[in-house]
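One structure is given here, and the rest of the page talks about it.
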Amino acid sequence: MAGGKPSGLFVLHIAYLLYGAALNFDVDGGRDLDIFDINDEAGLNLVEGDIVLDERQGRNSIIGDQYRWPRTVPYYMEDDLEINAKGVILKAFEQYRLKTCIDFKPWNGEKNYISIFKGGGCFSSVGNRRVGKQRLSIGTNCDRIATIEHEFLHALGFWHEQSRSDRDDYVTIMWDRISEGKEHNFNTYNDTTSSSLGVPYDYGSMMHYSKNAFRNGTEPTIVTKIPAFSDVIGQRMEFSDSDLLKLSRLYNCTKAATFLDSCDFERENICGMIQGPGDMNNWMRVSSAAGGPSTDYSNMGKCTGSGYFMHFETGSANTGANALLESRLLYPKRGYQCLQFFYYNSAGPTDTLKIHVREYDKENPNGKLRYITTIDGAPQELWQLHHVSLNVTKKFRVVFEGTKVGTGSSAGGMSLDDINLSETTCPEFIWRVKNFSHVIDNTPMNTPIFSPPFTSKEGYTFQMQLYPSGKAGYPGELSAYAHLVARQEDTGQTWPCPWKQMTMMLMDQHPHIQKRMSNQRSVTTDPNMKATDSEAFFWDDPRKVGVEVTADDGSKYFRGPGSGTAVYLTHLRAKSRDFIKGGDAIFLLTMEGKSIRLHYKYETLHLNQGSQTCGRTFQCGPWDELAKCKNSTVKAVEFILAQVPHIDQYDLKYNNSIITYRI
């Protein structure tokens, strides 16, 4: 903090202070709506608030393999789904792939599949009902990643946590506080109907009701027997550890599709990593290092007898000396990966950390080193988060190469901790807010701070706005909004901005990526959306619909209106888990064009060849059959474009019955 102002945060121009409040659109209408609130307002009277029972089911058991889906679940996104919901659904699937043994694939004629549509609320059946097309609703305000994960856990076979037979050992239901006619939502199921699979009762499950579920007044309907868990129940951030354990037991599998490796160096075997051949020095497993860091990043010195990281001391090394640290052998499936790690640099200003991959094939049985990138920059007295995108298709190892480049001495060296590798795409941008607890406690209500502007690969620049102490009327909340920004000299963008999804994630800094419960919200730019009480387009050029603001460095740019939520996360939850670590919070920000996957769900499609017609009629026909017709690509594109309006640009990819458009 300098002069009472958070360093690195962008300040407002006076015009924004005067008019900024009117420039934010709240996707939740300013209310923290749980699934059950949404469904109640929609007039739905479902079992346990969001469960649909078919006529055959009643309250019968779902114990048994006949109610399980295959581990790769077929799905179909109906045309009525909102674009933002489609994007968040795909993000939810990525979390399933990263953390569980369940995968999802677009429907290609399988007998049973999940049809995702925009209904009146958020709801699902429990288990595979074997009815063919099984419907799951993601309606208005249901497009939060945890809500989608919650409904798919129902579809995979989960009831709510507090309906377990042993529920009353852990919580007390206050029956007199429940709204009339809603008492049935607090029924329990015996062991012949639903199994806990040997997993202890979980207050932190995303399948647990909140303490205020179905209340008739202001008092809680659920009181936890351990008071500390009163505000834990009902979390809608991410899977808990017990949710993941239960799902793995239900489907009798443990290997996640996209997870590759994680290491916090707490064990002496350093996760199977090895010292590289031909280097001059070694990386050492230590708990502190001269010149810094004084602790690891996993535990931050909190746990006696633990807290290790890998360190290459450059202070006493000769110029040109290097040290290679290599991961265990890894076997990719997707062809793209994200390497994430924390790096503490107390080395010399010219010393380098290079990232390579060592790839193995028949021609290179001992592996061939391929350079990826260099992590450089002046030494800093903190652990810094880094992401490196990889594109490996062969058996490989990740290689960290530290090199002493300069001739002078350095205070310390290079340190690595909390390494995670997954077959996912890396976040685009990192916004680190230092001394975040202090920022929360000392920023006045209704006073925003801003991330730096970030320019995405989509060619648009955007910025996150955060109210650390909440907007007016929302004490105890973090409020978050995404804005498009533009500088006077910007060119090349299409306005209004078409269908770009911006995601704001507050990262849970747990060492293991599969155990993180990060909090995120996404908003998508609808080019047809109008500003409130105006004919102007909400996502139009910020130079046209925004206000001019001045950054800390004196430069000027234009910030357009923002979209987000006043109820991004409560302070209580923000100060839990590892959202704040070493005093700092880390926001991961991305902007991406949405992949709209469209299935050939037509009865008849004739593909013209000049004056001729491809004579066959295909029922959900695969692409390779359609491709036999000349010009079928052109006709298929015309067909798809007729189904999805507002596509300004696209990158056509096809695979069987799926066409993917990048818009």
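The values are calculated or read from the model by the stated rules, or taken from the named source; none is laboratory data. If you're wondering where the values come from, they're calculated on a predicted model, not measured in any experiment. Reconstructed Cβ throughout: ideal geometry from the backbone, glycine too, with neighbour counts over all protein chains shown.
Within the set of pairs 6 or more residues apart or between chains, which connect a residue that is assigned to a helix (DSSP H, G or I) inside the range 93-113 to a residue that is among the polar types (S, T, N, Q) with Cβ atoms less than 7 Å apart?
E94/T424; R97/T258; L98/T258; L98/S422; L98/T424; L98/Q514; K99/Q514
G402: in a loop (DSSP other than H, G, I, E, B), surrounded by 13 or more Cβ atoms within 10 Å (Cβ to Cβ), assigned by TED's automatic domain parsing to the domain that holds C263 and not aliphatic (A, V, I, L, M), yes or no?
Working: in a loop (DSSP other than H, G, I, E, B): no; surrounded by 13 or more Cβ atoms within 10 Å (Cβ to Cβ): yes; assigned by TED's automatic domain parsing to the domain that holds C263: yes; not aliphatic (A, V, I, L, M): yes.
So G402 does not fit the description; no.
In the set Q95, Q66, Q134, which member is under 27 Å from R249 (Cβ atoms) and at pLDDT below 95?
On the way: Q95 fails: at pLDDT below 95; Q134 fails: at pLDDT below 95.
Answer to the check: Q66.
Please go through the range 234-265 and give me each residue that is under 17 Å from the mean Cα position of the chain (by Cα) and small (G, A, S), ordered by number.
Of everything in the range 234-265, those that are under 17 Å from the mean Cα position of the chain (by Cα) and small (G, A, S) turn out to be S240, A256, A257.
Restrict the check to the range 137-149 and report whether at least one residue is touching an Asp or Glu at 6+ places or on another chain (Cβ under 8 Å), surrounded by fewer than 19 Cβ atoms within 10 Å (Cβ to Cβ), free of Cβ contacts under 8 Å to residues at least 40 places away in the same chain and within 17 Å of N45 (Cα to Cα).
No - not one qualifying residue is present in the range 137-149.
Would you confirm, using the coordinates I've provided, whether P277 is part of a loop (DSSP other than H, G, I, E, B) and at pLDDT 95 or above?
Numbers: part of a loop (DSSP other than H, G, I, E, B): yes; at pLDDT 95 or above: no.
So P277 does not fit the description; no.
Keeping to the range 139-153, report how many residues are more than 25 Å from S248 (Cβ to Cβ) and either in the same structural domain as R516 (by TED's automatic domain parsing) or in contact with a strand residue (DSSP E or B) (Cβ under 9 Å, 6 or more places away or on another chain) (or both). It would help to see each step written out before you state the result.
If we filter the range 139-153 for residues that are more than 25 Å from S248 (Cβ to Cβ), which is where we start, we get 139-143.
Filter again for either in the same structural domain as R516 (by TED's automatic domain parsing) or in contact with a strand residue (DSSP E or B) (Cβ under 9 Å, 6 or more places away or on another chain) (or both), leaving 139, 141-143.
Qualifying residue count, the range 139-153: 4.
Under 8 Å by Cβ, and 6 or more places apart or on different chains, what pairs join a residue from the range 372-400 that is closer than 17 Å to Q340 by Cβ with one that is among the β-branched types (V, I, T) and not in a strand (DSSP E or B)?
So the pair list comes out as S389/T425.
Take residues that are touching a residue at least 12 places away in the same chain (Cβ under 8 Å) and of a type in the set (A, V, I, L, M) and tell me which of the strands (runs of 3 or more DSSP E) falling wholly in the range 479-551 contain 2 or more.
Numbers: elements: 500-506, 519-524, 547-550.
Here the list reads 500-506, 547-550.
For the range 545-564, enumerate the residues that are in contact with a His (Cβ under 6 Å, 6 or more places away or on another chain) and at pLDDT below 95.
Listed by number, the list holds a single entry, T550.
Could you tell me which numbered condition K530 fails, if it satisfies all but one of (1) under 15 Å from F25 (Cα atoms); (2) among the basic types (K, R); (3) in contact with a strand residue (DSSP E or B) (Cβ under 6 Å, 6 or more places away or on another chain)?
It is condition (3) that K530 fails.
Taking the range 262-298 only, how many residues are in contact with a helix residue (DSSP H, G or I) (Cβ under 9 Å, 6 or more places away or on another chain), surrounded by 20 or more Cβ atoms within 10 Å (Cβ to Cβ) and under 24 Å from K581 (Cα atoms)?
3
What residue, of G560, G554, G583, is at positive phi and touching a residue at least 24 places away in the same chain (Cβ under 8 Å)? Before you say what the answer is, go through the steps one by one.
Values: G560 fails: at positive phi; G554 fails: touching a residue at least 24 places away in the same chain (Cβ under 8 Å).
On inspection, the qualifying residue turns out to be G583.
Looking at the range 281-294, is at least one residue under 30 Å from the mean Cα position of the chain (by Cα) and either part of a loop (DSSP other than H, G, I, E, B) or under 30 Å from V199 (Cα atoms) (or both)?
Among the residues of the range 281-294, at least one is under 30 Å from the mean Cα position of the chain (by Cα) and either part of a loop (DSSP other than H, G, I, E, B) or under 30 Å from V199 (Cα atoms) (or both), which makes the answer yes.
Scan (1) modelled with pLDDT under 95; (2) within 26 Å of the chain's Cα centre (by Cα) for the single condition Y481 breaks and write down its number.
If we test Y481 against (1) modelled with pLDDT under 95; (2) within 26 Å of the chain's Cα centre (by Cα), just (1) comes out false.
Report the residue count in the range 316-368 for those that are basic (K, R), under 29 Å from F429 (Cβ atoms) and either assigned to a loop (DSSP other than H, G, I, E, B) or without any contact (Cβ under 8 Å) to a residue 12 or more places away in the chain (or both).
Qualifying residue count for the region: 2.
For the range 145-156, does any single residue satisfy the condition of being within 30 Å of Y568 (Cβ to Cβ), assigned to a loop (DSSP other than H, G, I, E, B), of a type in the set (A, V, I, L, M) and modelled with pLDDT of 95 or more?
Pass one, the range 145-156, residues within 30 Å of Y568 (Cβ to Cβ): 145-156.
This time we only want the ones that are assigned to a loop (DSSP other than H, G, I, E, B), so: none.
Looking for residues that are within 30 Å of Y568 (Cβ to Cβ), assigned to a loop (DSSP other than H, G, I, E, B), of a type in the set (A, V, I, L, M) and modelled with pLDDT of 95 or more, one finds none in the range 145-156, hence no.
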